[in-house]
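Asker: Just dropping this structure here.
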There are 4 protein chains.
Amino acid sequence: MIAGLPGIGSVAWLAVNHLVKELNAELFAEIYSPAFSPKVWLTEEGTVKLVKGDFHFTQDKGSGDLVFFTASEQPYSPEGQYDLADRVLEFAEQLSVKRLITMGGLATDQITDTPKVHGGATDPALIGEVEEHGVLKLAGGSITGTNGLLFGLAKPRNIQAYCLLAETPGYLSFDANAARAVLQVICKIARVEVDMSNLEKQAKENRDAIERAKEASRAYGRTNSRKPPSDRDLSYVS
Amino acid sequence: MIAGLPGIGSVAWLAVNHLVKELNAELFAEIYSPAFSPKVWLTEEGTVKLVKGDFHFTQDKGSGDLVFFTASEQPYSPEGQYDLADRVLEFAEQLSVKRLITMGGLATDQITDTPKVHGGATDPALIGEVEEHGVLKLAGGSITGTNGLLFGLAKPRNIQAYCLLAETPGYLSFDANAARAVLQVICKIARVEVDMSNLEKQAKENRDAIERAKEASRAYGRTNSRKPPSDRDLSYVS
Amino acid sequence: MIAGLPGIGSVAWLAVNHLVKELNAELFAEIYSPAFSPKVWLTEEGTVKLVKGDFHFTQDKGSGDLVFFTASEQPYSPEGQYDLADRVLEFAEQLSVKRLITMGGLATDQITDTPKVHGGATDPALIGEVEEHGVLKLAGGSITGTNGLLFGLAKPRNIQAYCLLAETPGYLSFDANAARAVLQVICKIARVEVDMSNLEKQAKENRDAIERAKEASRAYGRTNSRKPPSDRDLSYVS
Amino acid sequence: MIAGLPGIGSVAWLAVNHLVKELNAELFAEIYSPAFSPKVWLTEEGTVKLVKGDFHFTQDKGSGDLVFFTASEQPYSPEGQYDLADRVLEFAEQLSVKRLITMGGLATDQITDTPKVHGGATDPALIGEVEEHGVLKLAGGSITGTNGLLFGLAKPRNIQAYCLLAETPGYLSFDANAARAVLQVICKIARVEVDMSNLEKQAKENRDAIERAKEASRAYGRTNSRKPPSDRDLSYVS
């Protein structure tokens, strides 16, 4: 299973969504939780979507079956983060998942063209494996949030797990560079090949959507506009 | 089921309560929750009322049976909002509810005599239906709070649902104009007719009650008044 | 059952504890809750006491058996207040309690020698009853906290309940005057007689204990004192 | 059982960890909780560790079997603290634990070479016993946090318990002096002998690790360093 929720630079979210798209993975399960924020989203067609986690899969292409997990947000409370991680891993066990890759960003306050990837694992042997793919060992420190908990809670369930953190400045909302760095390692571990050319495009689209939403909400405050709100990141409060 | 809890401009609360009154709907069930605020209300007669949600119904008048849900407040915690929405929908399922209309206000920062109504739904077909009644499609964006969750959580229970948001300035406590706009659409969908003349009166009464309560609590701080507190929105802390 | 938890002016706490002492009521049950604050108290003898609620009773002295409930604090979270009130009332039902009196303070920002008592009830008939004892009807308003919830949640359990609020300035920590005013009404309803002479002494002792604790903790900060902490309201953090 | 979680001056944490090391106690059980903070730690080898509580034991060396409990942090919420204390004591009952020693620091705002130890117990007889070992009776006051709750909740489970608080200035992060004072009493109660010479070394190592982590995170902000983060107290947010 390859799992990543939004976090610093949206590294994990960009990476997992890119894999899902490029590998044409199929949605086969959804997870709801009262630990997500109390709101719903509307599609461009006007239909409702709950905040939820999505499980996608692809069938064997030499690499065995792959399952992907992501969500549009992390639960906002600590207990909610533990609860979601636990439920995702329980489901992974039912699916007989043997290995889990989680990921995220490592804030360095520096822009770099070639972000390095740092990693830890549940077993020393797995660390040796990723070091062969150029990953630097995370020696000490802590990883906060649901991505870290998915990693740590995999251990008592006897699921082998890695956590890969790509260097990211920390102030970018969507860092395609860092997501690419993490994806290059994942592709080697999972033995899949993925075209990276749409990754920057996807990051740009997300940045633009946020920008448009900000402008739209400024417009509501200042002009006499009667246009219906149509930017996807705009929030109505009922 | 027509469901609306207090929110921006009290649009949903005004609309559902107006329907209950005008259609002489009968109270048949109540819902308590530790997620409501920890207080009780007193009636003008001095009897106690818990913070609660109320279910009313009217029998078939050409439109089929109608069930109404409202409450005096929204649960204050996100988990509480999910929990209440879930319990209301569970009960709706037991009542064999097939369609749900939720509603709210859409803050525009503008006063208008003819507030437009925007709407989303669980199915594209339903959106087409409300567009025929003059509703503008909500393309993108999010709806926060219990009204949004009632809307979104209806989907996995296979209850067809609409959410209608009337334009409201955002700074009015009771916006009868917005409530009327929403009610006009609801009446067309539910095929009922309702006299709107008391709606503004109701909004004014609520505004006045809040005004009186504010004056009364100012009076306590300044004068030697020994009058018992008698305004309904005045809060004692025991 | 006569129930009161600490609140404004400690009116309910003083009143219930006074009844327990003067009527030599016996402790027969205790209630623990994770909703109380996470600490323990030490007695003057150095033995540990959990934060808890206490149930005392007295056997029939013409008035029927009486059960008393109080606690050293109110749960700090809203859900905790609902939970405690619910568990106390569940226990009251098991004890076949038919009537419940809760109480509290009504902040007026005025000092008065003759604080009036205001009251509400679960039934209009009960209000008429307490009005005969000089209680002013609480027409409208809300009562916040566990004392209010005990009052309101009694209704769905078919326990007849009153809530009596004595006028108190709001800035006194222990208002014996207000407690006496409430006790005079309770004695009439419950048909018991209680000597009030120790009430002011009790309030003074509590005020003095708080004063000593404040001085002691100031002393720690300034002098070279090696004295063991011995004031009961001093808090250690381990 | 000898139990202590981090708190003022890390007195309890230092003391229990020192006993575990010096007595070569063996890890035999772990406790996870969603009430701990939502993060995982990495060892110097790059393997993951959940935030957890550890149970160690030593077999009879004249003192009977000894069980030790500690954790790397206290649950952050009050309910979490009650829940953890309750689960630890439930497990202690299953292990047929008869006596429990908890401990902590007592902030005095003074540095002293010879910190005194203050103590309370579940029974007056136990207080007499520790007074013979030079412990001063805690007469009144409260003890906040999980160490206090372990102490208090032992009583309804009929486990005899002591709580020993060593004087500590309050502003030291790791006070080996205070830990030694508490350990000297524990050794007398539990009839074990422990070499104290490594205690100050352990405290120094912890202080140094925090210092290095602070410098490292300052360095990230200022220099062009590409070094992987390697200090154990540095926190990544994924």
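Asker: Just to be sure I understand: with springs between alpha-carbon atoms less than 10 Å apart, which residue in B:Ala209, B:Ala15, B:Ala125 has the highest mean-square fluctuation in the Gaussian network model of chain B?
Answerer: Top of the fluctuation ranking is B:Ala125.
Asker: Could you state the angle between the C-alpha long axis of helix B:78-94 and the longest principal axis of the C-alpha atoms of chain B, as a value from 0 to 90 degrees rounded to the nearest 10?
Answerer: Helix B:78-94 and the main axis of chain B meet at about 60 degrees.
Asker: Inter-copy label distances at A:Ile210, 7 Å along the Cα→beta-carbon direction, one decimal in nm, shortest first?
Answerer: Sorted ascending, the copy-to-copy spacings read 3.4, 3.4, 4.9 nm.
Asker: Please identify every one of the GluC sites (Glu not before Pro) in region B:82-160 that sits in a loop by DSSP and has no more than 10 other beta carbons within 10 Å of its own beta carbon.
Answerer: Taking region B:82-160 and a limit of 10 other Cβ atoms within 10 Å, the loop GluC sites (Glu not before Pro) found are B:Glu132.
Asker: Choose one answer from B:Gln81, B:Gln202, B:Gln59: the residue with the largest mean-square fluctuation in a GNM of chain B with alpha-carbon springs under 10 Å.
Answerer: Of the options given, B:Gln59 has the highest mean-square fluctuation.
Asker: Run the dipole for chain B about the Cα centre, Lys and Arg Cβ at +1, Asp and Glu Cβ at -1, nothing else charged, and hand back the magnitude in debye, nearest 20.
Answerer: Dipole size: approximately 540 debye.
Asker: Which value, in square angstrom to the nearest 100, describes the accessible area buried between chains D and C on both sides, using a 1.4 angstrom probe?
Answerer: The summed interface area works out to 3200 Å².
Asker: Is there a simple number for the mean count of other chain Cβ atoms within 10 Å of the Cβ of residues in D:46-58, and what is it?
Answerer: 5
Asker: Against the longest alpha carbon principal axis of chain D, how many degrees, from 0 to 90 and to the nearest 10, is the axis of helix D:176-190 turned?
Answerer: For D:176-190 against chain D, the angle is about 40 degrees.
Asker: State, to one decimal in nm and shortest first, how far the label point of B:Asp65 sits from each corresponding label point in the other identical copies (label point: 7 angstrom along Cα-to-Cβ).
Answerer: For B:Asp65, the inter-copy label distances come out at 4.4, 4.4, 6.2 nm.
Asker: Per residue of C:2-8, how many C-beta atoms from partner chains lie within 10 Å of its own C-beta, taken as a mean?
Answerer: Per residue, the average neighbour count from other chains is 1.
Asker: Hey, another quick one. Okay, helix-only estimate at 222 nm for chain D: each DSSP H run of n ≥ 4 adds -39500 (n - 2.57), divide by all residues, round to 500 deg cm²/dmol; what do you get?
Answerer: About -12000 deg cm²/dmol.
Asker: Which value, in Å² rounded to 10, gives the accessible area of A:Met196 with a 1.4 Å probe and all protein chains present?
Answerer: Number for this one is 30 Å².
Asker: With angles folded into 0 to 90 degrees, how steeply does helix B:199-222 sit against the dominant principal axis of chain B? Use alpha carbons for both and round to 10.
Answerer: Roughly 30 degrees, rounded to the nearest 10.
Asker: Let me ask something else. Who wins for biggest fluctuation among D:Leu106, D:Leu136, D:Leu42 in a Gaussian network model of chain D, springs between alpha carbons below 10 Å?
Answerer: Taking springs between Cα atoms under 10 Å, the residue moving most is D:Leu42.
Asker: While we're looking at this one, here's another question. I need the inter-copy label distances for D:Leu95: point set 7 Å along Cα to C-beta, values in nm with one decimal, smallest first.
Answerer: In nanometres, ordered from closest: 3.8, 3.8, 5.4.
Asker: Where the only charges are on Cβ atoms (+1 Lys, Arg; -1 Asp, Glu), what is the dipole of region B:85-193 about its Cα centre, to the nearest 20 debye?
Answerer: Working: 10 positive and 12 negative charges, 51 e Å.
About 240 debye.
Asker: Ranked from the most accessible area to the least, with a 1.4 Å probe and all protein chains present, what is the order of D:Leu84, D:Leu95?
Answerer: Solvent-accessible surface, decreasing: D:Leu95, D:Leu84.
Asker: Another question about this same structure. Sort region A:1-127 into rounded, prolate or oblate with this rule: let a ≥ b ≥ c be the square roots of the eigenvalues of the Cα gyration tensor; rounded if a/c is under 1.5, and if a/c is not under 1.5, prolate when a/b is larger than b/c, oblate otherwise.
Answerer: Working: a/c = 1.38, a/b = 1.17, b/c = 1.18.
In terms of gyration-tensor shape, rounded.
Asker: Oh, and also: Classify the protein assembly as shown from the C-alpha gyration tensor, please: rounded if a/c falls under 1.5, else prolate or oblate depending on whether a/b exceeds b/c. Present the calculation step by step, with values, prior to reporting the outcome.
Answerer: Numbers: a/c = 2.08, a/b = 1.00, b/c = 2.08.
Because a/c hits 1.5 or more and a/b fails to exceed b/c, the protein assembly as shown counts as oblate.
Asker: Considering every residue in D:96-108, what mean count of other chain Cβ atoms within 10 Å of its Cβ is obtained?
Answerer: Values: counts 0, 0, 0, 0, 0, 0, 1, 1, 3, 3, 6, 6, 6.
Average per residue, whole number: 2.
Asker: Related question: Can you give me the solvent accessible area of C:Thr58 with a 1.4 Å probe, rounded to the nearest 10 Å²?
Answerer: Here the accessible area works out near 10 Å².
Asker: Report, as a whole number in µm² per second, the diffusion coefficient that Stokes-Einstein gives for chain D at 20 °C and 1.002 mPa s using the Kirkwood radius over alpha carbon pairs. Provide the component values of the computation, followed by the final result.
Answerer: Values: Rh = 18.7 Å.
Estimated via Stokes-Einstein, D reaches 115 µm²/s.
Asker: Are there any GluC sites (Glu not before Pro) in region A:1-61 that are in a DSSP loop and have at most 12 other Cβ atoms within 10 Å? List them by number.
Answerer: Hits after loop and neighbour filter: A:Glu44.
Asker: Output wanted: per-residue J couplings in Hz (rounded whole) for region B:98-113, from phi through Karplus 6.51 cos²θ - 1.76 cosθ + 1.60, θ = phi - 60°, x for Gly and Pro.
Answerer: 9, 9, 10, 10, 10, 7, x, x, 10, 6, 10, 6, 10, 8, 9, 7
Asker: So, one more: Rg over Rh of region B:103-193, using C-alpha atoms and the Kirkwood radius, what does it come to?
Answerer: So for region B:103-193, dividing Rg by the Kirkwood Rh gives 0.95.
Asker: A follow-up question, please. Out of the total accessible area of region C:94-165 (probe 1.4 Å, heavy atoms of protein only), what percent is carbon and sulfur? Could you put the intermediate results ahead of the total?
Answerer: Values: 1240 of 2520 Å².
Taking all protein chains in place, region C:94-165 shows 49 percent carbon and sulfur surface.
Asker: Treating the beta-carbon of each Lys and Arg as +1 and of each Asp and Glu as -1, no other charges, what is the dipole magnitude of the protein assembly as shown about its Cα centre, to the nearest 20 debye? Write out the running numbers ahead of the final one.
Answerer: Values: 100 positive and 124 negative charges, 278 e Å.
My answer is approximately 1340 debye.
Asker: Further, regarding this structure: Please work out whether region D:1-56 counts as rounded, prolate or oblate from its C-alpha gyration tensor, where a ≥ b ≥ c are the square roots of the eigenvalues and a/c under 1.5 means rounded, while otherwise a/b larger than b/c means prolate and anything else oblate? Don't skip to the end; give the middle numbers.
Answerer: Working: a/c = 1.61, a/b = 1.33, b/c = 1.21.
It is prolate, given that a/c is not under 1.5 and a/b is the larger ratio.
The values are calculated or read from the model by the stated rules, or taken from the named source; none is laboratory data. Remember, it's a predicted structure, so these values are computed and weren't measured experimentally. All Cβ positions, glycine included, derive from the backbone under ideal geometry; neighbour counts span all protein chains shown. These area figures cover heavy atoms from the full protein model, side chains too; ligands, DNA and RNA do not enter into them. Shrake-Rupley method; radii C 1.70, N 1.55, O 1.52, S 1.80 Å.
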